Amino acid sequence: MAIKMRNKRSTDFSMASMSDLVFLLLIFFMLTSTLVAPNAIKLLLPSSSSKTMAKQTITVYINESYEYFLEENKINESELESRIAAGITAENEATIVLRSDKSVPVQYVVNVIDAVNEINNKSNRKHKVILATSPQKQ
């Protein structure tokens, strides 16, 4: 007498769940890659071999047309001090990252440093400015 099994084992493999997983991963990576925009304003930064890492509070950009930007918002030189001060009011020791195109004259960089120094003198705080650079090619 032959004994028959009631439950038959299926050797089929369904690719439906695998394709769903691949599409979910694709959507996840597409969304996260569009959210990462470290340099929204295109600049050619000066190169340096030093590596200083600091927690940045706000970022000031100076492009090749000598225009100032505070977090991608265009501002005039006259409102530089007030707009930076408004962005760092809650901080005692804020770090302002200055991303300047390498063709920009030094005077424009000094204007930002002077604005931060004026804020420090008025509020008796110790905010600092860090000039962003690109890694030096070897």
Residues being of a type outside the set (Lys, Arg), out of contact with any strand residue (DSSP E or B) (no Cβ under 9 Å at 6 or more places or on another chain) and assigned to a loop (DSSP other than H, G, I, E, B): count how many of those fall in the range 100-138. 4
Of the residues that make up the range 68-76, is at least one of a type in the set (A, V, I, L, M, F, W, C) and within 15 Å of Lys128 (Cα to Cα)? no
Mind telling me which of the residues Lys51, Lys55 ends up being more than 18 Å from Tyr108 (Cβ to Cβ), under 12 Å from the mean Cα position of the chain (by Cα) and modelled with pLDDT under 90? Lys55
Among (1) part of a loop (DSSP other than H, G, I, E, B); (2) at pLDDT 90 or above, which single condition is Pro38 missing? (2)
Out of (1) more than 10 Å from Ile62 (Cβ to Cβ); (2) of a type in the set (Lys, Arg); (3) in contact with a Leu (Cβ under 7 Å, 6 or more places away or on another chain); (4) surrounded by 13 or more Cβ atoms within 10 Å (Cβ to Cβ), the odd one out for Arg125 is which? (3)
Pull up the range 63-86, narrow it to residues that are assigned to a strand (DSSP E or B) and surrounded by fewer than 12 Cβ atoms within 10 Å (Cβ to Cβ), then point me to the one that is farthest from the chain's Cα centre (by Cα). Lys74
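The values are calculated or read from the model by the stated rules, or taken from the named source; none is laboratory data. The shown structure was predicted, so the numbers you read here are calculated from the model rather than taken from an experiment. In this analysis, Cβ positions are derived from the backbone assuming ideal geometry, glycine residues included, and neighbour counts consider all displayed protein chains.
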